[in-house]
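Asker: Mind looking over this structure? Questions follow.
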Amino acid sequence: MAKPKPMDDAEFERQNEAAVREAREADRVEPRANAVSYDPGKGLVLVELRNGFAFGFPPERVPGLEGTPAEQLAAVQISPSGDGLRWDDLDVHISLTGLVANALNLKEWAPRIMGQARSEAKARAARLNGLKGGRPRQTTKSAKRSKKPV
C-alpha cells in the first residue's frame with residue numbers, strides 16, 4: 001500500500017476550516033443532545049436537545065434495548081458530537097436524527113407538507129411544464145397575491 005503524501009500547513013488549515021464549517025452547519029440543522037437520562041417511573045429515555053426542545057421515548061422502540069433492566073438503561077451517554085446516544089455495555093448506538101425521523105414517521109408525512117409528494121397529476125404537470133421550458137415565472141402581481149400570512 002502506498003504511503004499517503006504528507007500534508008503542508010496550508011492544506012491542513014484548509015481542510016480543518018472546511019471540517020469546522022461542516023460541523024457548525026450540522027449542529028445548526030441536526031438534532032444534538034444536551035442531556036439524557038432514563039426515567040424508570042415513566043419508562044422513558046428523556047433527551048434534552050441543544051435547541052431547548054426535549055422528548056422521551058420508550059426503550060422498547062429501539063432495537064437492542066427491549067427488556068433491558070433500568071440500571072443498564074440509566075447508563076445512557078451522549079456521543080461526543082451530541083448527535084447520538086449510546087449504551088456501551090449493551091453495544092447499542094443510535095442516531096438522534098434517525099430516532100426523531102422514526103418517532104415522527106417523517107418518511108411518510110414530511111414529503112406531503114414539503115411539496116415532495118409524488119402523484120400522477122404532479123408528474124403530468126411537471127412533464128407539461130418541461131415541454132414549455134419549465135415552470136413559469138411568477139409575476140410581481142401574482143407573487144404578492146399568493147403570499148400566505150405569517
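Asker: Scan the range 12-69 for residues that are exposed (fewer than 12 other Cβ atoms within 10 Å of the Cβ), assigned to a helix (DSSP H, G or I) and not small (G, A, S) and report the count.
Answerer: Total satisfying the criteria: 13.
Asker: Looking at the range 98-118, can you tell me whether even one residue there is within 30 Å of G41 (Cα to Cα), in contact (Cβ under 8 Å) with a residue 40 or more places away in the chain and touching a helix residue (DSSP H, G or I) at 6+ places or on another chain (Cβ under 7 Å)?
Answerer: No: the range 98-118 contains no residue that is within 30 Å of G41 (Cα to Cα), in contact (Cβ under 8 Å) with a residue 40 or more places away in the chain and touching a helix residue (DSSP H, G or I) at 6+ places or on another chain (Cβ under 7 Å).
Asker: List pairs: first residue in the range 58-84 and of a type in the set (S, T, Y), second residue part of a loop (DSSP other than H, G, I, E, B) anywhere in the structure, Cβ distance under 8 angstrom, at least six positions apart or on different chains.
Answerer: S81/R32
Asker: Of the conditions (1) modelled with pLDDT under 95; (2) over 30 Å from A23 (Cα atoms), G41 satisfies every one except a single condition; which number is it?
Answerer: Status for G41: all satisfied but (1).
Asker: Please enumerate the residues belonging to the range 113-148 that are in a helix (DSSP H, G or I), at pLDDT 70 or above and among the basic types (K, R).
Answerer: K122, R124, R127
The values are calculated or read from the model by the stated rules, or taken from the named source; none is laboratory data. Keep in mind that this is a model prediction, so the values were computed, not measured. Note: ideal-geometry Cβ built from the backbone for every residue, glycine included; neighbour counts use all protein chains shown.
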